[in-house]
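**Q** I'd like to ask some things about the structure below.
The values are calculated or read from the model by the stated rules, or taken from the named source; none is laboratory data. As the structure is a computational prediction, the values presented were derived from the model and not from experiment. Cβ placement follows ideal geometry from the backbone for every residue including glycine, while neighbour counts extend to all protein chains displayed.
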Amino acid sequence: MSVEPERAEATPAAEHVAEAMIKLWQRAHEDVAPTVSEEQMRVLLALGGEANAPDRIARDLCVSASWATRLLDCLEQRTLVRRLPSGEFSVTGAGTCVLEATRQRRRQLLEQTLMTAAPSDRPVLRDTFNQLYGVVSPLARVPRSRSPL
């Protein structure tokens with residue numbers, strides 16, 4: 001009979017899963033767009049499908065406005081974003097292609113990984129991932145505080 005793990009036992013397991021998922025994301029990014037830096041990819045993701053001002057991107061990523069502007073300028077030079085007359089930036093078609101290709105590669109890697117699980121374990125994994133998403137996703141919307149590090 002299985003016993004629900006204590007919080008002390010669940011935390012290291014969750015940390016291992018998070019680290020593995022981060023590595024999987026990085027691999028997908030490197031496979032698709034190795035010349036786009038991790039910081040630039042974060043800016044593309046932060047922009048998503050809507051135009052935003054550099055100061056908003058800076059707040060979302062917890063970086064200085066000047067750093068966000070430098071990243072946006074670099075992405076603009078690479079034609080992955082465009083500067084609008086309002087001063088905001090939006091993702092171009094090329095930037096959207098990079099994001100979508102990265103997502104598709106990530107899905108492929110996830111599917112390959114999940115196919116290594118025993119067929120009887122796959123529904124359990126799906127349910128566990130859905131529960132974890134339900135717990136974690138609201139936390140992603142909580143405003144960040146500046147870290148002293």
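**Q** Please specify each residue of the range 87-110 satisfying the condition of being surrounded by fewer than 14 Cβ atoms within 10 Å (Cβ to Cβ), more than 16 Å from residue 41 (Cβ to Cβ) and not basic (Lys, Arg).
**A** Within the range 87-110, 87, 93, 108 meet the criteria.
**Q** Right, something else. What is the number of the single condition among (1) hydrophobic (A, V, I, L, M, F, W, C); (2) surrounded by 14 or more Cβ atoms within 10 Å (Cβ to Cβ); (3) farther than 27 Å from residue 15 by Cα that residue 84 does not meet?
**A** (2)
**Q** Scanning the range 111-149 for residues that are at pLDDT 90 or above and outside any helix (DSSP H, G or I), which turns out farthest from residue 75 (Cα to Cα)?
**A** Only one residue fits best here, namely 118.
**Q** Quick check on residue 113: is it of a type in the set (S, T, N, Q), surrounded by 14 or more Cβ atoms within 10 Å (Cβ to Cβ) and touching a residue at least 60 places away in the same chain (Cβ under 8 Å)?
**A** Judged against the criteria, residue 113 is not a match.
**Q** Can you pull out the residues in the range 78-110 that are touching a residue at least 12 places away in the same chain (Cβ under 8 Å), outside any helix (DSSP H, G or I) and of a type outside the set (D, E, K, R)?
**A** The answer is 79, 80, 81, 84, 86, 87, 89, 90, 91, 92.
Yes/no per residue for (1) over 23 Å from residue 125 (Cβ atoms); (2) aliphatic (A, V, I, L, M); (3) within 20 Å of the chain's Cα centre (by Cα):
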residue	(1), (2), (3)
11	no, no, no
25	no, no, yes
34	yes, no, yes
42	yes, no, yes
57	yes, yes, yes
62	yes, no, yes
65	yes, yes, no
76	yes, no, no
86	yes, no, no
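**Q** Does any residue in the range 40-68 that is under 24 Å from residue 30 (Cβ atoms) and touching a residue at least 24 places away in the same chain (Cβ under 8 Å) come within less than 6 Å, Cβ to Cβ, of a residue that is in a loop (DSSP other than H, G, I, E, B) and charged (D, E, K, R) six or more places away or on a different chain, and which pairs are these?
**A** From the range 40-68, the pairs are 62/144.
**Q** Which of the residues belonging to the range 68-111 are of a type in the set (A, V, I, L, M, F, W, C) and under 13 Å from residue 32 (Cα atoms)? Break it down into steps so the answer makes sense when it comes.
**A** Start the filter on the range 68-111 by keeping residues that are of a type in the set (A, V, I, L, M, F, W, C), which leaves 68, 71-72, 74-75, 80-81, 84, 89, 91, 94, 97-99, 101, 109-110.
Those that are of a type in the set (A, V, I, L, M, F, W, C) and under 13 Å from residue 32 (Cα atoms): 94, 97, 98, 99, 101, 109.
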